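Just below is one structure, and these are the notes that go with it.
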Amino acid sequence: MTQWDPDQYERYKTYRDRPALDLMLRIPDDLEPRQIWDLGCGTGEHAAVLALRHPTAQVFGLDQSPDMLKVARGRTTARVTWVEGDVAAFSPPSPPDLIFTNAALQWLPDHEALFPRLVAHLSPGGVFACQIPISFDEAWHRHLRETAASGPWAEKLANVRGVLPTARPEDYYGWLSPLAEVDIWSTTYLHILTGPDPVTEWMKGTGLRPYLERLTDPDAREAFLDAYRARTAKTFVRSETGETLFPFPRLFMIARRR
């Protein structure tokens with residue numbers, strides 16, 4: 001299991017929060033959930049927002065990372081039950097009215113089976129609200145896979161599972177529409193990053209983590225990062241004012257169970 005660093009993940013908190021908040025705004029206004037699950041809740045702030053937005057609901061935050069949940073449990077004012085567990089094995093004891101998941105399901109395989117299974121857990125009229133990055137084919141992940149395959153670390157990193165490709169929006173619609181009314185859209189956020197190497201710093205909080213965990217020798221880790229930095233620096237060029245433009249596409253979907 002990949003170990004997550006909450007402090008590194010939240011370095012770009014404002015940019016990481018916006019898609020989750022944009023997703024919340026599209027949850028139907030007439031939904032009055034009694035039970036809510038935030039799958040892959042991370043440090044828990046979005047589950048806490050959902051609890052504030054729906055004060056009569058029972059809210060659960062599920063995550064596989066003890067470090068992330070430790071931060072979540074520190075939100076003592078949040079009316080949320082925190083659960084350590086694997087999203088892939090999610091099986092709620094009773095049908096939720098809202099399943100919310102932000103930037104989590106891109107780590108899991110077999111979306112053709114996973115997404116309908118999650119929607120099938122919902123109560124009638126319940127809502128599945130999901131956001132996943134469309135990042136597998138973006139330059140920063142291509143450079144990561146190229147770096148992993150081309151250095152002295154290649155054998156050790158050969159079977160690392162990073163983020164997986166997302167399907168086409170039409171595919172998700174086809175998988176979910178037999179069960180639900182479906183709304184799917186995508187947005188590309190243009191992040192304005194600063195600092196000498198912001199793309200690598202961004203990736204240290206997410207996509208780089210499973211690779212760096214395999215490289216236990218500090219010198220090997222730093223050599224790997226240097227090689228990755230060299231590739232990304234050619235694609236993401238800092239301006240004279242110190243800004244790096246980082247376009248980030250994301251896929252959203254709202255599915256309301258019939």
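The values are calculated or read from the model by the stated rules, or taken from the named source; none is laboratory data. Keep in mind the model is a prediction, meaning the values are calculated, not measured. Don't worry about glycine lacking a Cβ; one is built from the backbone with ideal geometry, like all the others, and counts go over all protein chains shown.
With respect to being under 19 Å from residue 228 (Cα atoms) and either aromatic (Phe, Trp, Tyr) or under 15 Å from the mean Cα position of the chain (by Cα) (or both), residue 175 falls outside the description.
In this structure, does residue 22 turn out to be in a strand (DSSP E or B), surrounded by 15 or more Cβ atoms within 10 Å (Cβ to Cβ), of a type in the set (Asp, Glu) and modelled with pLDDT of 95 or more? No, not satisfied.
Looking across the range 227-256, the residues that are in a strand (DSSP E or B) and either of a type outside the set (A, V, I, L, M, F, W, C) or touching a Lys or Arg at 6+ places or on another chain (Cβ under 9 Å) (or both) come down to 243, 244, 247, 249, 250, 252, 254, 256. The set of residues in the range 17-47 that are within 22 Å of residue 94 (Cβ to Cβ) and aliphatic (A, V, I, L, M) comprises 27, 31, 36, 39, 47. Within the range 42-70, the residues that satisfy the criterion of being in contact with a Pro (Cβ under 9 Å, 6 or more places away or on another chain), crowded, with 18+ Cβ neighbours inside 10 Å and at pLDDT below 95 are 42, 43, 65, 68. Has the range 162-180 got at least one residue that is modelled with pLDDT of 95 or more and within 30 Å of residue 242 (Cα to Cα)? Within the range 162-180 (the criterion being modelled with pLDDT of 95 or more and within 30 Å of residue 242 (Cα to Cα)), the answer is no, since none of the residues qualifies.
Against the definition (under 17 Å from residue 253 (Cβ atoms), under 17 Å from the mean Cα position of the chain (by Cα) and in contact (Cβ under 8 Å) with a residue 12 or more places away in the chain), how does residue 104 come out, yes or no? Yes, satisfied.
Residues being buried (at least 21 other Cβ atoms within 10 Å of the Cβ) and of a type in the set (S, T, N, Q) are entirely absent from the range 89-97. Looking at residue 78, is it outside any strand (DSSP E or B), small (Gly, Ala, Ser) and loosely packed, with under 15 Cβ neighbours inside 10 Å? Against the criterion (outside any strand (DSSP E or B), small (Gly, Ala, Ser) and loosely packed, with under 15 Cβ neighbours inside 10 Å), residue 78 does not qualify. Here is the figure for the range 113-170: residues that are acidic (Asp, Glu) and in a helix (DSSP H, G or I) total 3. Among the conditions (1) closer than 18 Å to residue 132 by Cβ; (2) surrounded by fewer than 17 Cβ atoms within 10 Å (Cβ to Cβ), the only one that residue 258 does not satisfy is (1).
If the condition is being within 24 Å of residue 115 (Cα to Cα), part of a helix (DSSP H, G or I) and either among the charged types (D, E, K, R) or within 15 Å of the chain's Cα centre (by Cα) (or both), then the range 33-67 contributes 45, 46, 47. For the range 129-148, the set of residues classified as farther than 15 Å from residue 199 by Cα, over 16 Å from the mean Cα position of the chain (by Cα) and not charged (D, E, K, R) consists of 148 only.
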